[in-house]
Amino acid sequence: MRLTRSFRDQYVQHEMRTHGRKNGFVTKGQEQRLRRWLPEIGLKPDVPLADCGFDMHAPVVMEIGFGNGDFLTELARRHPQWQLLGVEIYLPGVAKCVGRLEDAGVIERCRISQQPAQLVLERQIDEGQLDGVYINHPDPWPKKKHHKRRLIQKDFAALLCSRIKSGGFLRLASDKPDLAIWMRDILDQTPGLQNAGGPDGFVPRETDRIYTKFEQRGLRQGRESQFLHYQRL
Ligand SMILES: C[S@@+](CC[C@H](N)C(=O)[O-])C[C@H]1O[C@@H](n2cnc3c(N)ncnc32)[C@H](O)[C@@H]1O
């Protein structure tokens, strides 16, 4: 089932060029849930985070590239005091996430944007508004000529850092060693971020962490994930 263009245009279209998949088929049931919930919890591109209905005195935590929403839903479940902003450019992922959040009874504390994270951070979030950010298994873009498509770049890291409040956190995961080192090297050089890892910059896997879809896929293919934790100074 493909959503009508007029519906998609409200939440889906964006002006920045992104390289991953965006639109795709959603089931009729998923479409019904999107129609039910996006008018309420969809963060429209022209609405600042401060005007989305969140209590800006309570914690706001963001997940970038939430995929099917497994991790975001678990965060909302485990942290009843958190308000969560999930950003994901792939519509079927958004559809799955909305279903999970509704089933878990946590959807009213969440906002979803289908804009690229770069635009959301730049235009809709002010400096120091986020208590924390998670980025799990961003697209690896393994070919050297495609490295410029990777999410973590020097300018993006500076933007991200500026949106996190002092004392807040940034946590990342990747099952691709080359990308994990790429992210560590850029973030270690970002003024305002302090690496909380050991001598190699990585932290051990937290034992109570859930296995996201892409972490599971990496394990099936014989790759252990690596984890990075930063504190915003
Ligand atoms: C490899 S998947 C990982 C999904 C999930 N975090 C996991 O660990 O299973 C990367 C996700 O990031 C999303 N993504 C890519 N570029 C993005 C961007 N600029 N803004 C927001 N999401 C993005 C993709 O659509 C995709 O769902």
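The values are calculated or read from the model by the stated rules, or taken from the named source; none is laboratory data. These numbers come from a predicted model, not from an experiment. Note that we place each Cβ from the backbone using ideal geometry, even for glycine, and neighbour counts take in every protein chain shown.
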- Exactly one condition in (1) more than 25 Å from HIS146 (Cβ to Cβ); (2) within 18 Å of the chain's Cα centre (by Cα); (3) in a helix (DSSP H, G or I); (4) modelled with pLDDT under 95 is not met by LYS44; state its number. (3)
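With the requirement that a residue be within 8 Å of the ligand (Cβ to nearest atom) and either touching a strand residue (DSSP E or B) at 6+ places or on another chain (Cβ under 9 Å) or outside any helix (DSSP H, G or I) (or both), what does the stretch 85-100 give you? Before the answer, list the steps.
Quick first cut of the stretch 85-100, residues within 8 Å of the ligand (Cβ to nearest atom) only: 87-90, 93.
Across the stretch 85-100, the qualifying residues are VAL87, GLU88, ILE89, TYR90.
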- Could you tell me which numbered condition GLN118 fails, if it satisfies all but one of (1) part of a helix (DSSP H, G or I); (2) touching a residue at least 60 places away in the same chain (Cβ under 8 Å); (3) farther than 28 Å from MET56 by Cα; (4) in contact with a helix residue (DSSP H, G or I) (Cβ under 8 Å, 6 or more places away or on another chain)? (3)
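Can ALA50 be described as part of a helix (DSSP H, G or I), away from the ligand (no atom under 16 Å from the Cβ), within 16 Å of ASP131 (Cβ to Cβ) and at pLDDT 95 or above? Spell out the reasoning first.
On the way: part of a helix (DSSP H, G or I): yes; away from the ligand (no atom under 16 Å from the Cβ): yes; within 16 Å of ASP131 (Cβ to Cβ): yes; at pLDDT 95 or above: yes.
Judged against the criteria, ALA50 is a match.
Considering only the stretch 61-81, I want to know if a residue exists there that is away from the ligand (no atom under 16 Å from the Cβ) and touching a residue at least 40 places away in the same chain (Cβ under 8 Å).
Going residue by residue through the stretch 61-81, those that are away from the ligand (no atom under 16 Å from the Cβ) are 77-81.
Applying the additional criterion that residues be touching a residue at least 40 places away in the same chain (Cβ under 8 Å) yields none.
No, the conditions are met nowhere in the stretch 61-81.
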- Reported set for the stretch 101-115 where residues are surrounded by 21 or more Cβ atoms within 10 Å (Cβ to Cβ) and out of contact with any strand residue (DSSP E or B) (no Cβ under 6 Å at 6 or more places or on another chain) is VAL106, ILE107, GLN114, GLN115
- Query: Give me the pairs: first residue in the stretch 211-233 and surrounded by 16 or more Cβ atoms within 10 Å (Cβ to Cβ), second residue in a helix (DSSP H, G or I) and aromatic (Phe, Trp, Tyr), beta-carbon distance under 7 Å, and six or more apart or on different chains, which are they?
  - Reply: THR212/PHE71
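Could you list, in sequence order, the residues of the stretch 129-174 that are acidic (Asp, Glu), more than 17 Å from PHE227 (Cα to Cα) and within 14 Å of the ligand (Cβ to nearest atom)? Write out each step before concluding.
So in the stretch 129-174, the residues acidic (Asp, Glu) come out as 131, 139, 155.
Next, only the ones that are more than 17 Å from PHE227 (Cα to Cα) stay: 131, 155.
The one that is acidic (Asp, Glu), more than 17 Å from PHE227 (Cα to Cα) and within 14 Å of the ligand (Cβ to nearest atom): ASP155.
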- Does ASP126 satisfy the condition of being more than 15 Å from the ligand (Cβ to nearest atom), of a type in the set (Asp, Glu) and not in a strand (DSSP E or B)? yes
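Right, VAL133: part of a strand (DSSP E or B) and closer than 19 Å to PHE214 by Cβ or not? Let's see the steps before the verdict.
Values: part of a strand (DSSP E or B): yes; closer than 19 Å to PHE214 by Cβ: yes.
Yes.
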- Query: Of (1) modelled with pLDDT of 95 or more; (2) more than 16 Å from the ligand (Cβ to nearest atom), GLU31 satisfies all except one. Which?
  - Reply: (1)
